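The next block holds one structure in the form of structure tokens; read it before the comments.
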Amino acid sequence: MFILFITAILLVGCSSKTEEKSGKPLVVTTTGQIADAVKEIAGDNVEVKSLMGPGVDPHLYKATQGDLQTLEQADTIFYNGLALEGKMSDIFEKMKKEKTVSAIGEVVPADRILSDPMNPKLADPHIWFDIDVWKIAVAEITKTLIEEYPDNKDEYKKNEKAYFDKLDELSNWADTRINEIPEQQRVLVTAHDAFSYFGNSHGMEVRGLQGLSTNSEYGLKDVQNIVDFLADENIKAVFIESSVSEKAMNAVIQGAKEKGHTIQVGGELFSDAMGAEGTEEGTYIGMYKHNVNTIVDSLK
Ligand code: ZN
């Protein structure tokens, strides 16, 4: 029995190793958003792995032993930067000495980066929610991949152009849908402040309970402020996020109820993590559409 068990471990060990060695360059990313962009640009030429799957909160994420191995095996690493992956920055600094490690958010010009309203010295890292800003970061992926694999230049440029056309179409579609919400009701309330770029690019006011990082605490006073705001503005719905606990928003709903104002949960938004792989929400465009449809259908 014992021998059988050992053999099973060896077999599992072997098969996962052959999987990792597909012969294609291995590109490792932190978030699913970045992995999706790499797939769009590089197609089948590279193998892409993202460390953070559905429901994972990047602000608090610590690399596992398996992640360190994956990063060690990677040919190229892309991460968001702007302190999104707060607990992983030391690892990336170290890896930079060995291979190409690119923080795609850090090439975005300073005047396109929003700051934390509570602490203007801190950059808001949630750049994927402004499609035009995200295109700047994705262009850095294209540039880096062409530097690494110059033979594929024409193909990567062509893929980027086709993808950017789809992203422009997505942005226009989102504007049209958001215009269905009466102007006074264009207010997005969530647990943590992930949607400032989204609000900024589509003309919505955004309020978060927790600040930019899920690390920050919120108090009774923060809940009360949001509750007063919702009641005064007569806002119908607030939203939960797939990568953040529902506790905070439940406190807001309860607080509003005590004030005699009924608030609905408008649905679940993908903020820092995308949906499951293989589903529509597991792609950047799919999760963006899901968010827009969920927001508009609850607030209009
Ligand atoms: Zn966040």
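The values are calculated or read from the model by the stated rules, or taken from the named source; none is laboratory data. Values in this document were obtained by computation on a predicted structure and should not be read as measured data. So basically every Cβ, Gly included, is an ideal-geometry build from the backbone, and we count neighbours across all protein chains shown. Only protein heavy atoms, including side chains, enter the accessible area calculation; ligands, DNA and RNA are left aside. Shrake-Rupley method; radii C 1.70, N 1.55, O 1.52, S 1.80 Å.
Among the candidates V56, V101, the residue that is more than 16 Å from the ligand (Cβ to nearest atom) and either in the same structural domain as D154 (by TED's automatic domain parsing) or modelled with pLDDT of 95 or more (or both) is uniquely V101. Across segment 157-165, not a single residue is classified as without any contact (Cβ under 8 Å) to a residue 60 or more places away in the chain and of a type in the set (S, T, Y).
Here A194 passes the criteria (1) within 28 Å of V244 (Cα to Cα); (2) assigned to a helix (DSSP H, G or I); (3) within 21 Å of the chain's Cα centre (by Cα) except the one numbered (2).
Yes/no matrix, rows are residues, columns are (1) modelled with pLDDT of 90 or more; (2) part of a loop (DSSP other than H, G, I, E, B); (3) open to solvent by less than 40 Å² (accessible area, probe 1.4 Å):
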| position | (1), (2), (3) |
| --- | --- |
| F198 | yes, no, yes |
| V206 | yes, no, yes |
| D222 | no, no, no |
| V238 | yes, no, yes |
| H261 | yes, yes, yes |
| G266 | yes, no, yes |
| E277 | yes, yes, no |
| G286 | yes, no, yes |
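The set of residues from segment 166-201 being in contact (Cβ under 8 Å) with a residue 60 or more places away in the chain and of a type in the set (G, A, S) comprises A174, A194, S196, S201. Filter segment 169-196 down to the residues that are more than 16 Å from the ligand (Cβ to nearest atom) and in contact with a strand residue (DSSP E or B) (Cβ under 8 Å, 6 or more places away or on another chain), then identify the one that is least open to solvent (accessible area, probe 1.4 Å). Checked segment 169-196; the qualifying residue least open to solvent (accessible area, probe 1.4 Å) is V187. Within segment 208-220, which residues are part of a loop (DSSP other than H, G, I, E, B) and more than 16 Å from the ligand (Cβ to nearest atom)? Hit for segment 208-220 is G219, nothing else.
If you go through segment 88-120 and keep only what is closer than 20 Å to L60 by Cα and exposed (fewer than 14 other Cβ atoms within 10 Å of the Cβ), you end up with D90, E93, K94, M118, N119.
Taken as a whole, the condition of being at pLDDT below 95 and open to solvent by 10 Å² or more (accessible area, probe 1.4 Å) does not apply to G282.
When T100, T76, T70 are screened for being farther than 28 Å from S216 by Cβ and within 20 Å of the chain's Cα centre (by Cα), only T76 passes.
Any chance segment 141-153 includes a residue that's within 16 Å of the ligand (Cβ to nearest atom), of a type in the set (V, I, T), in a helix (DSSP H, G or I) and within 25 Å of H59 (Cβ to Cβ)? Looking through segment 141-153, none of the residues is within 16 Å of the ligand (Cβ to nearest atom), of a type in the set (V, I, T), in a helix (DSSP H, G or I) and within 25 Å of H59 (Cβ to Cβ).
Residues in segment 248-258: is at least one closer than 30 Å to D168 by Cβ, surrounded by 20 or more Cβ atoms within 10 Å (Cβ to Cβ), modelled with pLDDT of 90 or more and more than 16 Å from the ligand (Cβ to nearest atom)? For segment 248-258, residues closer than 30 Å to D168 by Cβ, surrounded by 20 or more Cβ atoms within 10 Å (Cβ to Cβ), modelled with pLDDT of 90 or more and more than 16 Å from the ligand (Cβ to nearest atom): absent.
Filtered by the rule that a residue be out of contact with any Pro (no Cβ under 7 Å at 6 or more places or on another chain) and away from the ligand (no atom under 16 Å from the Cβ), segment 264-283 gives Q264, V265, G266, G267, E277, G278, T279, E280, E281, G282, T283.
Once segment 224-236 is narrowed to residues that are outside any helix (DSSP H, G or I) and either open to solvent by 10 Å² or more (accessible area, probe 1.4 Å) or free of Cβ contacts under 8 Å to residues at least 40 places away in the same chain (or both), the residue that is nearest to S271 (Cα to Cα) is K236. Scanning segment 20-56 for residues that are more than 19 Å from S243 (Cβ to Cβ), part of a loop (DSSP other than H, G, I, E, B) and polar (S, T, N, Q) yields a total of 1.
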